[in-house]
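Everything below concerns the one structure shown next.
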Amino acid sequence: MTLAASIRTENGVILCAESQITEGQAKFNKSKIGASAWTSELGFASVGAGYWDYIRMAYEALLPAMLDAPDTEDMAQTIGAAVTNIYANQIAAHPGTWGYDKPGFSLLTAFIQKGYPVPTVIKTVDTAVHSADPFDAIGIGQDLARYIGSKLYRDDLSDDQGAALAAYILEEAKQNVKDCGGLSQIIWIGEAGLKSVPTAKLIHLRAWFARSDQKIPNLSKLPAGIGPILITDIAL
C-alpha cells in the first residue's frame, strides 16, 4: 500500500509518492514512479498504489504500449487496456476472494505531447479508467491527502508551490498513516519536460514544516533561501 497523488499546477502536473513497500513482515523502499519515458514528441510517467508486483506488471505493460500509441487521444484507451488485461488474467487467476484478499492496484498516469501546453492525467482504480481531478490521490493515505488538499490546493498554484504541497502531504502521511514511509518522490511534467525535487530541497522543506508557526504551512510564502524547488532533469 502507499500514497500517491497528482497535483495540477500553473504550468504542468506534479506526481508524487512515498517509497515504502510492505510485504508480509518486511518493509523496504522502491521508487513508485514508473512507466516513464521521454522522447522528442512525448513524455509520460505513472505513480501507483496497491500491490507492488501488480503495479510493476502494469508499468512494464504501459511503457511499450504508450510509446506505440498513435497519438495522445488514444492514451486513456491504451492505459485501460493494459490495466484490464492484468485484472482479467493474473489477478483473476489469484486464489484470493474478490472483495477480500484479491490483490488490486491504482494508477495516476500523466502524459504530454510536444506542442500541447498542458499534460493530461488518467486515473485508474481497479478496472475503472477516467480523467483525474486537478487534485487527486490514490492509496491508503488518500483520505488524508484529500483533506490537506481541500485546505491548501488552488488551481493557480505555481509549480514550486505544487511541489511544496506534495512534500507536505507525503510528510504528513509518513507520520500519520500506517504503511506509509520511506522517501518522498516528487516529479513535475510539463511542456518544458521533466523536473524533480532533489533530496536537499526536501530536507529544507521538512525543516520548514517542522518549525512553521501554523499547523498547515502557508504555500504563498515558501521558505527563504530555498530557491527553485523543482530542478530540470529532461527537456522535452
| task | Look through the stretch 104-126, keep the residues that are touching an Asp or Glu at 6+ places or on another chain (Cβ under 8 Å) and not in a strand (DSSP E or B), and return whichever of them is surrounded by the most Cβ atoms within 10 Å (Cβ to Cβ). | result | GLY104
| task | Only residues that are out of contact with any Asp or Glu (no Cβ under 6 Å at 6 or more places or on another chain), surrounded by 19 or more Cβ atoms within 10 Å (Cβ to Cβ), among the hydrophobic types (A, V, I, L, M, F, W, C) and farther than 26 Å from LYS114 by Cβ: list them for the stretch 176-202, please. | result | VAL177, LEU202
| message | Every residue in the stretch 2-41 that is more than 14 Å from the chain's Cα centre (by Cα), modelled with pLDDT under 90 and either part of a loop (DSSP other than H, G, I, E, B) or crowded, with 24+ Cβ neighbours inside 10 Å (or both), please. | response | GLY24, GLN25, THR39, SER40, GLU41
| remark: Counted residues in the stretch 84-133 being among the basic types (Lys, Arg) and touching a Gly at 6+ places or on another chain (Cβ under 8 Å) come to 1
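So that you can scan it fast, the table gives a plain yes or no per residue for (1) among the hydroxyl-bearing types (Ser, Thr, Tyr); (2) part of a helix (DSSP H, G or I); (3) modelled with pLDDT of 95 or more; (4) under 16 Å from THR2 (Cβ atoms):
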| position | (1), (2), (3), (4) |
| --- | --- |
| ALA163 | no, yes, yes, no |
| ILE169 | no, yes, yes, yes |
| PHE209 | no, yes, no, no |
| LEU219 | no, no, no, no |
| remark: Flagged pairs (Cβ under 6 angstrom, 6 or more apart or on separate chains; first in the stretch 42-63, assigned to a strand (DSSP E or B); second of a type in the set (Lys, Arg)) are VAL47/LYS32; GLY48/LYS32
| message | Of the residues LEU165, LEU222, LEU205, only one is under 25 Å from PHE44 (Cα atoms) and either in contact with a strand residue (DSSP E or B) (Cβ under 7 Å, 6 or more places away or on another chain) or crowded, with 19+ Cβ neighbours inside 10 Å (or both); which? | response | LEU165
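The values are calculated or read from the model by the stated rules, or taken from the named source; none is laboratory data. Just so it is clear, the model here is predicted, and its values are computed rather than measured. We place every Cβ from the backbone using ideal geometry, glycine too, and count neighbours over all the protein chains shown.
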